[in-house]
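See structure below.
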Amino acid sequence: MLNPVREFLDLLPAICGAIAAVFLLYRVIRDRHFLRAIVAILAAAAAAGTTQILKHEILTRPDFNFGTTGNSFPSGHTTAAAAAMGLMYLVSPPKLRPVVQPIAWLFATVTGLATLICGWHRPSDIAAGFVVAGFWLVLASAVLQRIQPLSHEVPKGSWSRNVGASSLVLWAAVIGLSFVLPHPHIQKIPEFLQLAYAALGIIHVVAASLVSGLVLRSVVIGPMRTLKK
């Protein structure tokens, strides 16, 4: 049953690159925002490169009977998906942002969850992938907001701040629980705890994705803006 998912994950870097490249090319031809496109590409490339350097050169992670070969932290598939989808959001014009962001966020999040379901990565691997991609995209967004902002006006609202704060609290709670609960791959645990771990893993991935995506949204929109009456 998982074979189609695994095949999709194998093709994911190419799929993400193709989607982002088509969207990027369309925006460049239409809007002539070459600087924005270049900065976005550099940010996505830096995210992918950072993950590979961290995984293969700097970080080491014990297996804990999880059955993985080599270091799985951070998740390269998640970084690739998040970076490609974040690139699309970064180059999208203000009118398209409300459409592009949820689609891009959903695609990246489903990708991370798929690697969890397949057993390729642990929740923290996936969360780290979102953090790495988010770091470079937020940095690129901050630079662009200073030198080439697309819009200074956005509707007044605090939903993203509230959702982001709630996600951050949930994420911290899950991380805290991971230090308290017994490790399922080191000792035998009851079935209800296995279900709890599955739920906590999903919450971990979704919360990390939400926090990274909403921080990026905040920086893309910009802290200095005129609110519409």
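The values are calculated or read from the model by the stated rules, or taken from the named source; none is laboratory data. Just so it is clear, the model here is predicted, and its values are computed rather than measured. Note that each Cβ is placed from the backbone with ideal geometry, even for glycine, and that neighbours are counted across all protein chains shown.
Numbers for the structure displayed
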| read-out | value |
| --- | --- |
| Selected residue (only one of Val132, Val138 is modelled with pLDDT of 90 or more, farther than 12 Å from Leu216 by Cβ and within 15 Å of the chain's Cα centre (by Cα)) | Val132 |
| Any hit, the stretch 168-189, residues being modelled with pLDDT of 85 or more, closer than 21 Å to Leu87 by Cβ, buried (at least 16 other Cβ atoms within 10 Å of the Cβ) and not acidic (Asp, Glu) | no |
| Some residue of the stretch 116-127 being modelled with pLDDT of 85 or more, out of contact with any Cys (no Cβ under 6 Å at 6 or more places or on another chain), assigned to a loop (DSSP other than H, G, I, E, B) and buried (at least 18 other Cβ atoms within 10 Å of the Cβ) | no |
| Filter result for the condition that a residue is modelled with pLDDT of 85 or more, touching a Leu at 6+ places or on another chain (Cβ under 8 Å) and closer than 18 Å to Ser92 by Cβ, over Leu24, Leu42 | Leu24 |
